[in-house]
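Report on the structure given below.
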Amino acid sequence: MKQAITTQEAYEMFDEMLDECNSEVDVCGYTYAPHYALKTLDPIAYQCAFNDWTSSMEEEFEIKD
């Protein structure tokens, strides 16, 4: 049975996965979480990656608002 989650919960889970799977990003001596850096620097790539991730998680989760 699929677990129902909200869109916000899906984004939070995705951000957590990005942070766990990638190193922090260093820019001119400032350090950023990977999800924040990707979302801020390339929002289109972030959204594409989120869409791919949610597609791969369809068997486990159903996103409901």
So, first residue at negative phi in the stretch 30-52, second residue of a type in the set (D, E, K, R), Cβ within less than 6 Å, six or more apart or across chains; the pairs are THR31/GLU24; ALA33/ASP19; PRO34/ASP19; HIS35/ASP15; HIS35/ASP19; TYR46/LYS39
Could you list, ordered by first residue, the pairs with Cβ atoms under 7 Å in which the first is in the stretch 7-19 and in contact (Cβ under 8 Å) with a residue 12 or more places away in the chain and the second is among the acidic types (Asp, Glu), at least 6 apart or interchain? THR7/ASP65
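We did not get these values from a lab; they are worked out from the coordinates using the rules stated. Everything numeric here is computed off the predicted structure, so don't read it as measured data. Cβ coordinates were reconstructed from backbone atoms using ideal geometry, including for glycine residues, and neighbour counts include every protein chain displayed.
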